Each structure stands twice: as C-alpha cells, then as structure tokens.
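Reading through the structure tokens given below for one structure.
The values are calculated or read from the model by the stated rules, or taken from the named source; none is laboratory data. All of these numbers come straight from a predicted model, not from anything done at the bench. Virtual Cβ from ideal backbone geometry, glycine too; neighbours counted across all protein chains shown. Only protein heavy atoms, including side chains, enter the accessible area calculation; ligands, DNA and RNA are left aside. Shrake-Rupley method; radii C 1.70, N 1.55, O 1.52, S 1.80 Å.
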Amino acid sequence: MVEKTIDLAGTSSIGIEDAVILAIKRAAVTVKNIRQAKLVDAVALVENDSVIRWRVRVEVTFTIQDTLHE
C-alpha cells in the first residue's frame, strides 16, 4: 500500500471541528480513500475583539490506488 499526504486549509464560523470537517468533505469530492486527518494548526480570526472564524491547516493522508497488483 502506498499513501500520500496533502495539506488542506478549512475555514468555519462555527468552530475548529467544523472547519476540519469542511476541509475533508471538500477534498473527498476529488480525493478518494482518505484514511486520516491531522490537525496541524488552528487560528482564530478576530474582529472587534470577537472570534469571527476559525482557520485550520490539516494534513490529509489517503491511499493511492495500486492497479499494478490487483
């Protein structure tokens, strides 16, 4: 099995978990066989002394289809 890891960014006004979920769901449209996601960074975007959004950076790992050995 061969795996590949890519970096993604997600943003949500709801929270960190929602930002991660949105990033994974969006990636899953074109990337298949996602196996794990590692939260690398989370940043609160602030306006007028209030958190308005969360931005996350996620490393997503997925398996690469091996058609040579099937």
Open item on the list: Give me the net charge for the shell around Lys4: Cβ to Cβ below 11 angstrom, other residues only, Lys and Arg +1, Asp and Glu -1.
Closed with: -1
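Could you calculate the contour length gain from Val29 to Ile64, that is, 0.36 nm times the residue separation minus the distance between their Cα atoms, to one decimal place in nm?
Extra length from Val29 to Ile64 when fully extended: 11.1 nm.
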Task: Proximal charge balance of Asp18 [Cβ under 14 Å; K/R count +1, D/E count -1] - done: +3
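Could you report the chain's accessible area per residue, 1.4 Å probe, as an integer in Å²? Before the final figure, lay out the partial values.
On the way: 5200 Å² over 70 residues.
With the other protein chains kept in place, the chain gives 74 Å² per residue.
By average Cβ neighbour count within 10 Å, what is the ranking of 53-62, 36-45 from highest down? Walk me through the intermediate numbers first.
Numbers: 53-62: 17.8, 36-45: 13.2.
Sorting 53-62, 36-45 by mean packing, highest first, produces 53-62, 36-45.
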TODO: Sort all Cα-Cα distances of the chain into consecutive 10 angstrom bins from zero, then give the percent of pairs in each bin up to the one containing the longest distance.
DONE: 21, 43, 22, 10, 3, 1
Open item on the list: Below 16 Å, Cα to Cα, which aspartates and glutamates can Lys4 reach? Residues fewer than 8 away in the same chain don't count.
Closed with: Glu59, Asp66
Task: HN-Hα J in Hz across segment 51-59 - Karplus 6.51, -1.76, 1.60, θ = phi - 60°, x for Gly and Pro - done: 6, 9, 7, 10, 10, 10, 10, 10, 9
TODO: Treating the angle as unsigned and between 0 and 90°, give the value, to the nearest 10°, between the Cα long axis of helix 16-27 and the longest Cα principal axis of the chain.
DONE: 40 degrees
